[in-house]
Amino acid sequence: MSTRQLVRESRSSEAGVGRGTAAGPGPSGAEAAATTPSAPAEPADEPPTALEQREPSGPAEQPSAGPEPAPPSVAPLELGPVRPVGLTPVPAVPAKPTWAPAVPAPVPAPVPAPVPAPVPAFEPLFRQAPALNWVGPDDRWSRAWGVQAAVEAPAALEPVGAAEAAAEPPGAEDLVLVRACLAAVAPDADRAMAHFHALVFLRHPELRAMFPAAMDEQRTRLFQALRLCASRAGDPEELRAYLGPLGRRHRKYGALTRHYASAADCLVAALARYGGSGWDGRTEAAWRRLLALVSRLMVEGAEEEARSAPPWWQAEVVEHRQATRDVAVLTLRPDQAYPFRAGQWAAVETPWWPRVWRPYSFGSAPRPDGLLTLHVKAVQAGWVSNALVHRARPGDVLRLGAAEGAMTVDHAAGEDLLCVGGGTGIGPVAALVEEVAERGAAGRRVEVFYGARRAAELYRLEELRELASRHSWLTVRPVVSEAAGAPAGALLGDLPDAVARHAPWHGFAAYLSGPAAMVRSGAAVLRRCGVPEGSVRHDLAARD
């Protein structure tokens, strides 16, 4: 083959690569158009529980605007003596330049200066298990993120383009439309709420870190919250009493004011999809007015608490005692003063299940040394409870939300107290007794019924009996379901029935804590035994 033929073949191969032919690397024009990223599509009817983000294999080639012109012809060159092929590469021959009008070079847009990351305001304590805890330079769950959430200036609550619709609170006609929409969505509530979360994660992927890995519980709670808001929206004070604490709880997830508008837009889109034929412009406007009111009340509750408390506390486990095979007593040291009352509870997050919070009552009254006590029973398939009972050890660090709950004693009232505790529910009951002992009984009687299935599960009985031996106003009655090995003086049977056998309880304020079924049945028994409904106190509804 002559040198001129080699030159021509070299030019032809270079022109072919430049045109991106089917034989060359990279996809063809049709393939590139199919792989070019586009706006995210709406989720399917059954959105996945976890959103996958596929990493592209390489840059897609854009399709050409039309057929490319043939390469310009090049006159033959005189190369002189022929040299052996393969020893010296043949140089590429540039194409002849063609005339084109001069185009000014584009002026690059100014690049804004990077914003420095916020400096953590508190020293983090999560050091024991770097692979399991949350500390890191990009960790939004660090204390610095919480401080940023507390001090950030409020943003507009209304979604873009919906300010006019949400300028006034919902009226009676709006609430009729909202409730009719919820009735239409109810048969597909789980799918509708899953669609809402899918929209949030697609449009605002930065919000995914606020949610746990498993979303089934979140879907159920969200639809229940919507129903409660629709039923209470006619009474502003009742709605505020419900949404204020809810907004305060959302602080520990890192929720900021601007996030409510994003969530409202996605929620309206999900309701429109599953609202049936009754969805129209009036229904959408009604929902936007209601959601604007909900957002405002939640933000007000969060901002009120942010003036005096952080979004969460970090608490180190200083003692872990296995009371029974499935019950552990944990003593915690918070990183700063933690205000609470006997009978209250707090949401707890562990480093092994990030963003999964579970409520636990405090097992002791406030102590001078600032230490806290939790009584935890490992329940079947309980992520957090099993981690706290079987995995936590001294040196581990947990997170605590703010103390909540109204199951506290009014020491000025001086009424007699009936305290019913089942299983680990004896923790807040014992805390109430300790607080009464510290402040003085002031002539009141305190009756404690402590129930369990077997005698071995009454792990605080001796402690309570020792306290009763020092205070004549305190009576402690153990109750067991199984007679084998029952302690002296124990009552047999179910706990609510044992309480009913010692009725009447007129003039007593009753406090119930323990498994949900026991609390519900116990509250019904006490009302039949003469205790007014307003005097039966528990936090079951607040913790559900």
_What is the percent carbon and sulfur in the accessible area of region 193-252, measuring with a 1.4 Å probe over the protein chains and ignoring ligands?_
54 percent
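So, for region 247-314, what is the accessible surface per residue at a probe of 1.4 Å, expressed in square angstrom?
Numbers: 2470 Å² over 68 residues.
Ligands and nucleic acids excluded, the result is 36 Å² per residue.
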_Based on Cα coordinates alone, diagonalise the gyration tensor for region 307-352, multiply each eigenvalue by 5, take square roots, and list the semi-axes in whole Å, largest first._
23, 13, 10
*Which of rounded, prolate, oblate describes region 164-211, given a ≥ b ≥ c as roots of the alpha-carbon gyration tensor eigenvalues and a/c under 1.5 marking rounded, otherwise prolate only if a/b is larger than b/c?*
oblate
*asked:* Over region 375-454, what is the relative contact order in percent, taking alpha-carbon pairs closer than 8 angstrom and at least six residues apart?
replied: 30 percent
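Around ARG501, with a cut-off of 13 angstrom between Cβ atoms, what is the net charge of the other residues, counting Lys and Arg +1 and Asp and Glu -1?
Neighbour charge sum, excluding ARG501 itself: -1.
Quick one: what do you get for region 235-373 if you divide its Cα Rg by 2.2 N^0.38 Å? Please list the in-between numbers first.
Details: Rg = 19.8 Å, N = 139, 2.2 N^0.38 = 14.3 Å.
Normalised Cα radius of gyration, region 235-373: 1.38.
If you wrap a convex hull around the C-alpha atoms of region 396-481 and split its volume per residue, what is the figure in Å³? Before the final figure, lay out each step's value.
On the way: hull volume 11.3 nm³, N = 86.
Considering the Cα atoms of region 396-481, their hull volume per residue is 131 Å³.
Could you state the accessible area per residue of region 392-544 in Å², with a 1.4 Å probe and every protein chain left in place?
Details: 6390 Å² over 153 residues.
With all protein chains present, region 392-544 gives 42 Å² per residue.
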*asked:* How would region 179-314 be classified by its alpha-carbon gyration tensor: rounded, prolate or oblate, with rounded meaning a/c under 1.5 and the a/b versus b/c comparison settling the rest?
replied: oblate
_Carbon plus sulfur fraction of accessible area for region 426-543, probe 1.4 Å, in percent_ = 50 percent
*Report the full-extension gain for the segment ARG258 to SER469: residue separation times 0.36 nm, less the Cα-Cα distance, to one decimal in nm.*
70.3 nm
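Note the full-extension length gain between VAL379 and HIS506 as 0.36 nm times their separation in residues minus their Cα-Cα distance, in nm to one decimal.
On the way: separation 127, 0.36 × 127 = 45.72 nm, distance 3.56 nm.
Result: 42.2 nm gained on full extension.
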_Can you compute the radius of gyration and Dmax for region 403-544, using only the Cα atoms, both in Å?_
14.0, 42
_Along the charge dipole of region 313-450, pointing to its positive end and built from +1/-1 on Cβ of Lys, Arg, Asp and Glu, which listed residue (ALA378, ALA402, ALA337) has its Cα farthest out?_
ALA378
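The values are calculated or read from the model by the stated rules, or taken from the named source; none is laboratory data. Here the structure is a predicted model, which is why all the values come from computation and not from measurement. FYI the Cβ positions are ideal-geometry reconstructions off the backbone, even for glycines, and counts take in every protein chain you see. Side chains are part of the model used for accessible areas, which takes the heavy atoms of the whole protein and leaves out ligands, DNA and RNA. Shrake-Rupley method; radii C 1.70, N 1.55, O 1.52, S 1.80 Å.
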